[in-house]
Amino acid sequence: MHAHPRVLCLHGRHQTAVIFQDRLARLRRSDIRLDLVFVDGPAEVVTDAGDALRGWTPEGLEDDWSLAEKVLRRAWAELGPFDGVLGFSEGARAAHFFCRLHASQTVEPPLFGLRLAIFAGGLPAKAGAGGVVCPQRLSIPSIHFASASDPVVSLATSTQLAEVFDGARLEMHEDGHVFPQKREQLDALAIFLSSLPPREPVLEVPAGCMACVEEQEEEVEALQEMLCVDGELVRVGEGWPIRLRVHFAEEAFLDFLLPPGYPQRCRCVVALYTQRFEVEARVSDLMERLEDAHEPLGSPSIFSITMSARDWAENDLANACLGGSTVKATTADANGDEEDEEDESGWWKREEVDETQLRAAEERAAMAPRATSARIAGAAGYGRPWQYIVGLVGKPSAGKSTFFNAVCQLEPGQAAAMAAHPFTTIEPNMAPGWFAAPCPSAELSITADTEHGAAPGGRRRLPLFVKDVAGLVPGAYQGQGRGNAFLNDLCDADALVHVVDASGRTDRQGVDQGDEGRGLGDPLGDINWVRREIHLWMFTNVRGKWDSVRKRARMGNHEAREATIDRLTGLFTGYHIPKPMVLEALSAAALPPHDLADPNKGVRTWVEGDLHRLVAFMLRMRFPMVIALNKADHPDAPAHIARVREVVCNSEICVPCSARTELQLVEARRENYISYEDGGSDAMAMSNAPASVTARLEGARNAVLGPLGSTGVLEAISTSVMLRSPTFICPVADFTSCAGVCVEGKRGGVLCSALVLRPQSTVEEAFSALKAEGIAAGEFVRAELLKERSPAVSHRVAKKEDRLGPGPQVLRVVTSKKAAWQKHGS
């Protein structure tokens with residue numbers, strides 16, 4: 001149980017995690033309540049008999065802790081954090097090394113929370129092992145079991161290890177080189193554990209863990225919306241790591257521990273808490289069921305695991321308690337007839353997809369008005385600046401990595417690999433980039449002193465994050481290429497830019513065939529099948545769990561409706577889609593939420609096309625997409641672009657661009673060969689520019705800047721941001737000068753600062769975002785929004801609960817604490 005100390009167990013040399021777990025059987029069966037976690041050492045050790053076992057350092061390299069450190073860090077990130085560490089023999093040396101990592105002030109990211117150490121037959125790690133810098137003496141409470149009859153680790157060596165720890169308890173035994181588990185040793189261990197201070201909550205998120213904590217908090221917020229009955233969901237303790245207790249049956253709960261790497265790198269840890277005999281008697285059956293309920297890495301799993309546990313309790317457990325575990329569950333339909341729940345002929349049981357119904361759903365969603373009520377998206381992100389993420393998708397060699405490098409403007413050596421062959425990008429690249437945001441300066445007839453620089457059209461540059469994922473190939477949703485690994489990389493994106501090879505030279509598998517391949521590619525076909533792959537990624541995942549949705553709706557009453565809504569919305573949490581967005585997508589798709597459990601028109605009557613329709617509307621809300629028609633400077637591109645625009649002009653936003661030209665201009669500017677503004681319609685060669693640069697610039701003017709008006713790259717990335725209707729606030733000290741307010745409340749240039757907020761943020765949430773950035777301090781007193789400056793300054797007072805509209809807002813906030821510029825009277 002997660003209330004008990006969680007202890008990482010490290011085996012000795014010539015052992016494995018499984019062997020060591022078996023050797024500690026008496027401890028595990030005792031009344032000492034520890035949550036023991038066993039891991040294998042990284043080094044292979046072959047015995048004289050030829051058996052391959054494990055150790056912690058390579059043979060003959062006992063000072064090489066590089067592999068061991070990776071294993072220990074991974075264990076901490078994916079299975080921890082841990083309250084304690086337990087080590088035997090060489091595992092004790094590894095445990096000592098782990099304690100040194102914990103005590104080090106130079107290790108990044110830091111390990112934390114260790115409050116006990118248990119050693120037997122202990123070998124100490126050498127001072128400075130692994131290059132870890134920490135105090136020679138460690139303050140972690142420890143207990144050491146040592147034996148004068150130990151033929152491997154002498155009593156003096158075990159004592160030497162104990163002396164490294166302040167206040168160490170040394171317990172003698174006579175059993176030699178073992179981890180002793182007789183009654184007297186177990187009693188000594190129990191006394192040691194009882195003397196420990198209670199676990200102190202980690203209230204401040206450690207460095208290096210912020211990203212996963214934000215994702216975990218978003219999942220908890222979504223769970224609170226779906227599990228809203230009192231006692232259904234309880235957060236255990238304060239701070240971090242997050243521990244939850246979820247009610248799934250009478251007097252039966254699931255305890256969840258969210259490790260530092262969850263959900264991107266590892267699963268959540270699940271344990272059963274109950275005093276019901278019939279549940280405890282079937283714990284292995286339950287845990288086997290829950291094992292299959294984990295979502296793929298990158299997707300939250302708590303809700304799906306909870307629903308699986310409730311299914312188990314409602315069906316398997318109930319039937320077992322009634323003595324009918326082998327009888328199929330049946331239920332009465334609206335006419336009183338019994339219906340077999342195991343309907344093997346249902347469309348949700350088939351593997352094939354009805355392409356006609358899929359296309360019809362896509363066409364209907366494409367022609368619907370674009371959703372604007374994005375308040376419901378990413379609710380956990382309100383009250384802080386929006387770190388907008390744009391995901392780049394497309395088939396291999398379409399120019400995604402070139403587009404990425406052009407937007408992010410990385411220094412040489414940091415840029416993503418670029419090549420005309422499939423899978424140049426394997427793991428996703430992610431880096432800060434720039435987009436053009438609207439600026440109120442033009443409307444106010446003033447010149448802004450923007451923090452990050454200006455952009456064409458009276459706009460300003462603002463930062464965002466760009467994620468370049470591996471190229472998509474047909475069948476990715478079934479595992480082709482990098483398959484679901486690629487698709488899961490998209491889950492944290494706020495919008496997508498689909499980079500399409502408009503030259504038509506890239507074949508279906510993403511190979512640029514050069515001039516010989518002219519006509520082989522079909523940009524219009526690329527647009528359709530990439531959207532299809534993303535659609536089927538979501539559709540097949542939801543279809544696979546459709547039985548659980550139908551079961552919730554079978555009673556047809558109010559309780560069934562609420563249970564059905566909870567289950568259906570829970571299936572989309574892995575895509576970072578909150579419950580309100582699912583409900584809006586249902587309504588937009590003409591599938592009213594209040595009808596979901598209706599026996600005549602609810603989910604039990606849905607055909608495959610209904611689920612396709614829901615997914616199609618959901619994707620356009622959750623992942624709005626811009627089509628970047630790349631390589632627009634190729635001679636064949638204009639004809640392809642014209643055809644694409646003619647066919648999809650009403651359903652897709654298309655921006656012709658040349659990522660290669662933009663990158664060349666950025667690189668020439670870095671060398672001070674040209675003067676160029678991002679997204680500009682022209683560039684000027686400097687006097688020191690080589691002839692090759694001047695010639696390339698002239699070519700760019702003729703092929704790109706002249707015909708397109710810009711390279712199109714900044715326009716594509718900026719359009720993708722605006723699809724989510726963000727709010728932009730410019731905090732000012734006064735409305736007369738519009739002098740901006742900077743970090744620490746210092747007065748800056750005209751409209752110098754700007755923050756991106758999620759759509760329809762409230763004034764209070766805007767104030768919280770300003771505090772998070774260090775721009776505001778103290779308690780909220782009043783907020784004012786500028787209406788106009790000419791012919792006279794006018795503003796309106798805004799209440800804390802007022803929602804801010806889309807576009808740029810000039811905001812003045814009065815707080816209980818004077819800002820730096822006010823204190824100095826400037």
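Compared with the direct C-alpha span, the chain from Glu44 to Glu779 gains 258.7 nm at full extension, assuming 0.36 nm per residue. A cut-off of 5 Å between modelled amide H atoms, ignoring neighbours fewer than 5 places along the same chain, links Leu86 with Leu8, Cys9, Leu10, Ile118. Peptides 712-725, 596-609 ranked from most to least packed by the mean count of surrounding Cβ atoms within 10 Å: 712-725, 596-609.
What FRET efficiency would be calculated for the residue pair Asp595, Arg359, taking the C-beta separation as r and a Förster radius of 22 Å, to the nearest 0.05? E between Asp595 and Arg359, to the nearest 0.05, is 0.30.
How large a share of the accessible area of region 39-158, in percent, is made up of carbon and sulfur atoms when the probe is 1.4 Å and the other protein chains stay in place? Reported share for carbon and sulfur atoms: 54 percent.
Modelled this way, with points 7 Å down the Cα-to-C-beta line, the labels at Glu78 and Arg115 are 2.7 nm from one another. With all protein chains kept in place, the per residue accessible area of region 1-96 amounts to 42 square angstrom at a probe of 1.4 angstrom.
If R0 is taken as 22 Å, the Cβ-Cβ distance between Ser681 and Ala442 corresponds to a FRET efficiency of 0.80. Under 19 Å from a label point 7 Å along Cα→Cβ of Lys70: give me every residue in region 18-57 with its amide N that close. Residues passing the 19 Å test: 39-46, 53-57. What does the C-alpha gyration tensor say about the overall shape of region 537-620? Classify as rounded when a/c is under 1.5, otherwise prolate if a/b is larger than b/c, or oblate. Because its axes are fairly even, with a/c under 1.5, region 537-620 counts as rounded.
The length gained by stretching the chain between Ala52 and Ala691 to full extension, at 0.36 nm per residue less their Cα-Cα distance, is 223.6 nm. Taking all protein chains as they are arranged and a probe of 1.4 Å, the heavy atoms of Met367 leave approximately 130 Å² accessible to solvent.
Among the trypsin sites (Lys or Arg not before Pro) found in region 1-66, those both in a DSSP coil and sparsely packed, with 11 or fewer other Cβ atoms within 10 Å of their Cβ, are Arg33. Per-residue extension of 0.36 nm, minus the Cα-Cα distance of Ala772 and Arg276, leaves a gain of 173.9 nm for this segment. Solvent exposure of Lys579, expressed as accessible area, is near 30 Å², computed with a probe of 1.4 Å over the protein chains only. Protection proxy ranking for 631-644, 146-159, using the average of other Cβ atoms within 10 Å per residue and placing the highest first: 631-644, 146-159.
How much area per residue is accessible in region 546-634 when the probe is 1.4 Å and only protein heavy atoms are counted (Å²)?
With all protein chains present, region 546-634 gives 28 Å² per residue.
Region 1-36 and region 768-807 have Cα centres separated by 57 Å. Round to a whole number: what % of the accessible area of region 559-617 belongs to carbon and sulfur, probe 1.4 Å? Percent of accessible area from carbon and sulfur atoms in region 559-617: 52. The Gln21 and Ser194 beta-carbon pair, evaluated with R₀ = 25 Å, returns a calculated FRET efficiency of approximately 0.55.
Inter-label distance, Arg670 to Arg28: 5.4 nm, where each label sits 7 Å from its Cα along the C-beta direction. Placing a pseudo-label 7 Å from each Cα along the Cα-to-Cβ vector at Glu411 and Glu801 gives an inter-label distance of 5.1 nm. Each residue of region 15-30 was assigned a 3J(HN,Hα) from its phi angle through the Karplus expression (A = 6.51, B = -1.76, C = 1.60, θ = phi - 60°), giving 9, 9, 4, 5, 4, 5, 4, 5, 5, 9, 4, 5, 5, 5, 8, 6 Hz with x at Gly and Pro. Tell me the net charge near Pro300. Cut-off is 15 Å between Cβ atoms, Pro300 excluded, with +1 for each Lys or Arg and -1 for each Asp or Glu. With Lys, Arg at +1 and Asp, Glu at -1, the net is -4. Scalar couplings 3J(HN,Hα) for region 642-656, obtained by applying the Karplus form with A = 6.51, B = -1.76, C = 1.60 to θ = phi - 60°, are 4, 5, 4, 5, 5, 7, 10, 4, 8, 10, 10, 9, 10, 10, x Hz; x denotes Gly and Pro.
Taking Cα centre as origin and charging only the Cβ of basic (Lys, Arg, +1) and acidic (Asp, Glu, -1) residues, the dipole magnitude of region 521-561 rounds to 440 debye.
Across region 656-805, the mean sequence separation of Cα contacts (distance under 8 Å, 6 or more residues apart), normalised by length, yields a relative contact order of 17 percent. Structure note, pairs Lys349/Lys601; Lys545/Lys631; Lys601/Lys800: Cα-Cα distances above 32 angstrom occur for Lys545/Lys631; Lys601/Lys800.
A simple rule links phi to the HN-Hα coupling: the Karplus curve 6.51 cos²θ - 1.76 cosθ + 1.60 with θ = phi - 60°, which for region 533-546 gives 4, 5, 4, 6, 4, 6, 4, 5, 5, 6, 4, x, 10, 5 Hz, with x for Gly and Pro.
By a 1.4 Å probe calculation restricted to protein chains, Val234 has an accessible surface near 70 Å², given to the nearest 10. Rolling a 1.4 angstrom probe over the protein heavy atoms with all chains in place gives region 694-773 an accessible area of 32 Å² per residue.
The values are calculated or read from the model by the stated rules, or taken from the named source; none is laboratory data. Model, not experiment: these values are computed from the prediction. Glycine also receives a Cβ, built like all others from the backbone with ideal geometry; neighbour counts cover every protein chain displayed. Ligands, DNA and RNA are stripped out before the accessible areas are found, and what is left, the full protein with its side chains, is counted by its heavy atoms. Shrake-Rupley method; radii C 1.70, N 1.55, O 1.52, S 1.80 Å.
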